[in-house]
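Trainee: Take this structure first; my questions come after.
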């Protein structure tokens with residue numbers, strides 16, 4: 001057997017393993033016969049181990065044979081003929097292993113497997129145990145799909161699965177209002193990112209005539225591909241993708257949802273917002289990085305967005321009073337730095353930084369519940385109290401500046417309030433006005449007086 005034939009066998013296993021896990025967990029939920037904790041853990045371990053082993057095998061064979069691209073073609077799921085304007089659309093379900101997707105796929109399986117083993121004990125006898133592992137399977141399927149995607153439509157499919165599972169796990173403790181409200185806010189930000197991503201995909205199809213990344217980055221393997229589109233098209237598509245990445249990775253001004261997402265269970269906080277999901281936006285920027293080279297303005301925008309995010313998160317993290325929020329903003333600082341590295345063209349450095357940061361932050365978030373115990377053990381071992389850091393570098397600023405910066409950090413820059421006032425409120429007002437005009441038009445067509453439908457409920461209440 002040749003290396004190519006072995007890779008052709010192993011590569012589909014990487015996709016089949018999470019799909020089988022999702023099918024088993026989903027079917028059990030649909031039939032109202034949830035798996036026991038023992039069987040759920042066993043199925044999860046088998047699926048993750050199979051996918052991880054296959055992914056490692058593919059990467060090892062790629063390195064041994066010198067191959068830089070291994071494709072998995074599952075055919076055209078949608079194919080629309082040319083219309084009167086000459087437009088043609090084909091949805092390729094195509095996946096590929098390369099120097100970017102292969103290591104990140106291995107990282108995804110490794111961290112998800114670690115979190116699965118941890119959650120099996122952490123959520124023991126928890127009422128939503130089965131629901132957690134079902135969403136966990138959806139997340140794994142979404143991550144593998146997005147990371148291995150070789151077309152922008154396939155990446156969008158995985159992108160949506162990750163977003164759905166993320167928002168639902170933030171609202172995992174749905175008997176309390178705070179997790180539900182925060183889950184809705186995360187979902188709203190994700191909707192913005194999804195809209196920007198979808199517009200970028202449509203624009204890419206219009207400009208290049210296809211959605212595969214080869215047409216976007218040229219025939220060269222990552223990271224040596226060269227995009228060939230016009231600079232103005234690259235700027236437009238790149239800004240849309242940057243908006244999508246900003247929403248998904250909590251870059252400025254969407255930083256506020258990341259600490260809110262910590263309302264979910266500790267295992268999901270670790271794998272979603274410390275390790276994998278929070279890096280999916282910057283992974284998208286890495287995947288389309290050849291576009292950045294076509295427009296210096298776009299590269300500058302990426303660098304500036306990363307710098308603003310890193311500085312903002314570094315300042316705000318200094319005054320957080322709980323470990324999860326502090327780690328959330330610490331993660332955001334590193335994501336901002338990774339974004340700067342991508343904008344400057346350091347692609348391998350950004351990939352290595354992303355993998356290292358994901359591993360470190362996963363460990364820190366998993367150790368968070370036992371942080372006080374760890375601190376007491378250290379103090380008992382050294383026989384003294386540990387020095388407390390109250391404000392850190394903020395204390396070395398001039399008093400007037402320090403107070404302003406401290407107030408800014410305590411209020412988290414009022415980013416959520418600004419978004420609510422200048423984006424959310426006008427958006428709701430505009431569409432509420434459109435809804436009222438639609439109701440008036442419907443009433444006019446039905447022979448009623450416009451506004452009469454709104455008055456009827458109040459009239460009925462008055463009569464009662």
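Trainee: Taking the Cβ of each residue in 38, 248 as the centre, tally the other Cβ atoms inside 10 Å and list the residues starting with the fewest.
Mentor: Numbers: 38 9, 248 28.
In order of increasing Cβ crowding within 10 Å: 38, 248.
Trainee: Take residue 188, project a point 7 Å from its Cα along the Cβ direction, then tell me which residues of region 243-285 have their backbone nitrogen under 19 Å from it.
Mentor: Those under the cut-off are 244, 246-264.
Trainee: Would you order 175, 440, 98, 420 from fewest to most other beta-carbon atoms within 10 Å of each residue's own beta-carbon? The partial results should precede the final answer.
Mentor: Working: 175 8, 440 17, 98 21, 420 14.
By the 10 Å Cβ count, ascending, the order reads 175, 420, 440, 98.
Trainee: Would you list 190, 224 from fewest to most Cβ contacts within 10 Å?
Mentor: 224, 190
Trainee: With r as the distance between the Cβ atoms of residue 380 and residue 408 and R0 = 51 Å, compute the FRET efficiency 1/(1 + (r/R0)^6) and round to 0.05.
Mentor: Values: r = 38 Å, r/R0 = 0.74.
The formula returns an efficiency of 0.85 here.
Trainee: Regarding the chain, what are the three Cα extents along the principal axes, ordered largest first, in Å?
Mentor: 83, 79, 56
Trainee: Moving on to the next point. May I ask for log10 I(q)/I(0) of region 235-286 at q = 0.17, 0.21 Å⁻¹, from a Debye sum over the Cα atoms as equal point scatterers with solvent left out?
Mentor: Values, matching the q order: -0.51, -0.71.
Trainee: Then there is this: Label points 7 Å out from Cα along the Cβ direction at residue 401 and residue 207: separation in nm?
Mentor: 4.1 nm
Trainee: Shifting gears a bit: What FRET efficiency, computed as 1/(1 + (r/R0)^6) with R0 = 30 Å and r the Cβ-Cβ distance, is obtained for residue 359 and residue 27, rounded to the nearest 0.05?
Mentor: Efficiency, from the Cβ-Cβ distance: 0.35.
Trainee: Then there's this: So if the hydrodynamic radius of region 79-221 is defined as the Kirkwood radius over C-alpha pairs, what does Stokes-Einstein give as its diffusion coefficient at 4 °C and 1.567 mPa s, in µm² per second?
Mentor: On the way: Rh = 17.2 Å.
In µm²/s, the coefficient is 75.
Trainee: A follow-up question, please. Report the full-extension gain for the segment residue 226 to residue 387: residue separation times 0.36 nm, less the Cα-Cα distance, to one decimal in nm.
Mentor: Details: separation 161, 0.36 × 161 = 57.96 nm, distance 5.20 nm.
Between residue 226 and residue 387, full extension yields 52.8 nm more.
Trainee: Using only DSSP helix segments of four residues or longer, with each worth -39500 (n - 2.57), what per-residue ellipticity at 222 nm results for the chain after dividing by its residue count and rounding to 500? Please report the intermediate quantities before stating the final value.
Mentor: On the way: 19 runs with 315 residues, N = 464.
Result for the chain: -22500 deg cm²/dmol, rounded to the nearest 500.
Every number in this text was worked out from the coordinates using simple rules, so none of it is lab data. Source: prediction; values computed, not measured. In this analysis, Cβ positions are derived from the backbone assuming ideal geometry, glycine residues included, and neighbour counts consider all displayed protein chains.
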